[in-house]
């Protein structure tokens, strides 16, 4: 396996960890996927800078969706490009929540662009992320 293939495999591992942490609602595992100075640029609201603010945002999102359970979360990245110790990726995401009380569904999807940063141990972390929500 050449170096590029090893790096791409490590990015796929990040994607899998993201999916699993999201589905389990594990905020600390999600936070571990971001750099300390990570920045999120949501479609609406303020830009979120750093892990402490990201933790606050994730906890608020979890509180807002307290009556729902995430049952599906998918990425469909169309391009992943590695440049030195950074990678950028863009594509689509989708997810489905089900109400704990009456089984109604909330389905969402959108577009996603992320910048990843290679860590000393060969893993990748999310450095910057921006997304849109399909209406």
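The values are calculated or read from the model by the stated rules, or taken from the named source; none is laboratory data. Because the structure is a prediction, the values reported are computed rather than measured. Cβ coordinates were reconstructed from backbone atoms using ideal geometry, including for glycine residues, and neighbour counts include every protein chain displayed.
Of the listed requirements (1) surrounded by fewer than 13 Cβ atoms within 10 Å (Cβ to Cβ); (2) assigned to a strand (DSSP E or B); (3) in contact with a helix residue (DSSP H, G or I) (Cβ under 8 Å, 6 or more places away or on another chain), residue 70 misses just one: (1).
Residues checked against (1) within 23 Å of residue 132 (Cβ to Cβ); (2) touching a strand residue (DSSP E or B) at 6+ places or on another chain (Cβ under 8 Å):
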{"site": "22", "(1), (2)": "yes, yes"}
{"site": "30", "(1), (2)": "yes, no"}
{"site": "35", "(1), (2)": "yes, yes"}
{"site": "69", "(1), (2)": "no, yes"}
{"site": "94", "(1), (2)": "yes, yes"}
{"site": "98", "(1), (2)": "no, yes"}
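State whether the residues of segment 102-120 include one that is without any contact (Cβ under 8 Å) to a residue 60 or more places away in the chain, surrounded by 15 or more Cβ atoms within 10 Å (Cβ to Cβ), within 16 Å of the chain's Cα centre (by Cα) and under 15 Å from residue 33 (Cα atoms). Yes, segment 102-120 contains at least one residue that is without any contact (Cβ under 8 Å) to a residue 60 or more places away in the chain, surrounded by 15 or more Cβ atoms within 10 Å (Cβ to Cβ), within 16 Å of the chain's Cα centre (by Cα) and under 15 Å from residue 33 (Cα atoms). Restricted to segment 28-45, and to residues there that are loosely packed, with under 14 Cβ neighbours inside 10 Å and at pLDDT below 95, the residue that is farthest from residue 103 (Cα to Cα) is 45. Kindly establish whether residue 14 is within 26 Å of residue 97 (Cβ to Cβ), touching a residue at least 12 places away in the same chain (Cβ under 8 Å) and touching a helix residue (DSSP H, G or I) at 6+ places or on another chain (Cβ under 7 Å). So residue 14 does not fit the description; no. Take the residues in segment 121-135 that are more than 27 Å from residue 64 (Cβ to Cβ) and surrounded by 13 or more Cβ atoms within 10 Å (Cβ to Cβ); name whichever of them is nearest to the chain's Cα centre (by Cα). Checked segment 121-135; the qualifying residue nearest to the chain's Cα centre (by Cα) is 124.
Checking 44, 105, 79 one by one, the residue that is farther than 17 Å from residue 18 by Cα and out of contact with any strand residue (DSSP E or B) (no Cβ under 9 Å at 6 or more places or on another chain) is 44 and no other.
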